[in-house]
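> Have a look at this one before I ask anything.
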Amino acid sequence: VQLQASGGGLVQAGGSLRLSCAASGRNSMSFAMGWFRQAPGKEREFVAAISGNSVSTYYADSVKGRFTISRDNAKNAVYLQMNTPKPEDTAVYYCAARMSAYAPADDRQYDYWGQGTLVTVSS
């Protein structure tokens with residue numbers, strides 16, 4: 001499975017941005033998918049995840065109500081809609097896939113990773 005994240009850039013606080021993750025590989029859209037981020041000098045942290053059957057979504061408390069994860073199986077893509085971003089959301093964002101329907105928040109349980117896309121939120 002190969003993952004390609006895109007859509008990062010500079011956005012003003014209170015604006016919006018949508019990240020995309022294109023997945024390729026057999027049955028990749030049946031996998032659980034997650035978004036994680038890593039800010040400078042900090043450890044990578046969980047942002048959002050969606051189960052393999054798209055029934056369940058999970059969010060970090062820090063983004064709940066502002067970010068939305070979704071997937072389009074026809075396009076083999078997963079998205080992260082970022083609404084009203086804050087400067088503290090500035091980070092490199094990574095998409096990840098897990099060979100299971102269950103979508104945990106633990107990045108150690110994900111099997112495949114994209115290259116990351118930088119999001120910078122200006123105040």
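> Quick one: which of 84-92, 40-48 comes out on top by average Cβ neighbours within 10 Å, and what's the full order, highest first?
Working: 84-92: 16.9, 40-48: 14.1.
For the peptides 84-92, 40-48, the packing ranking is 84-92, 40-48.
> Enumerate the amide H contacts of G116 below 5 Å, restricted to partners 5 or more residues apart or on another chain; note that Pro and chain-start residues carry no placed amide H.
Residues meeting the criterion, in which the H sits 1.01 Å from N, are A5, C95.
> In whole Hz, what ³J(HN,Hα) sequence does segment 100-107 give by Karplus (6.51, -1.76, 1.60; θ = phi - 60°), x for Gly and Pro?
6, 6, 6, 10, x, 8, 7, 5
> Still on this structure, I have one more. Would you mind getting me the FRET efficiency between E88 and S6? Use the beta-carbon distance for r and R0 = 30 Å, nearest 0.05.
0.85
> Hey, what do the phi angles of segment 71-83 turn into as Karplus ³J(HN,Hα) couplings, whole Hz, using 6.51/-1.76/1.60 and θ = phi - 60°, x for Gly and Pro?
9, 10, 5, 5, 9, 6, 9, 10, 10, 10, 7, 10, 9
> Could you state the principal axis extents of the C-alpha atoms in segment 1-90, from the largest down, to the nearest angstrom?
Largest first, segment 1-90 extends 37, 25, 23 Å along its Cα principal axes.
> What percentage of the solvent-accessible surface of the chain, computed with a 1.4 Å probe over protein heavy atoms, is contributed by carbon and sulfur atoms?
46
> Can you figure out the FRET efficiency of A74 with Q38, using R₀ = 30 Å and their beta-carbon distance, to the nearest 0.05?
Once the sixth-power term is evaluated, E becomes 0.50.
> Can you find, among V63, S30, G116, the residue farthest towards the positive end of the dipole of the chain? Put +1 on the C-beta of Lys and Arg, -1 on that of Asp and Glu.
Result: S30, furthest along the dipole toward the positive end.
> If you roll a 1.4 Å probe over the heavy atoms of the protein chains, what accessible area per residue do you get for segment 24-118, in Å²?
Spelled out: the 1.4 Å probe surface of segment 24-118, per residue, equals 50 Å².
> Given the C-alpha centroids of segment 28-75 and segment 77-123, what is the distance between them in whole angstrom?
One Cα centre to the other: 6 Å.
The values are calculated or read from the model by the stated rules, or taken from the named source; none is laboratory data. Note that the structure is a prediction, hence the values are computed from the model and not measured. Quick reminder, even Gly has a Cβ in these numbers, built from the backbone with ideal geometry, and neighbours come from all protein chains shown. When the accessible area is computed, the model is the full protein with side chains, heavy atoms only, and any ligands, DNA or RNA have been set aside. Shrake-Rupley method; radii C 1.70, N 1.55, O 1.52, S 1.80 Å.
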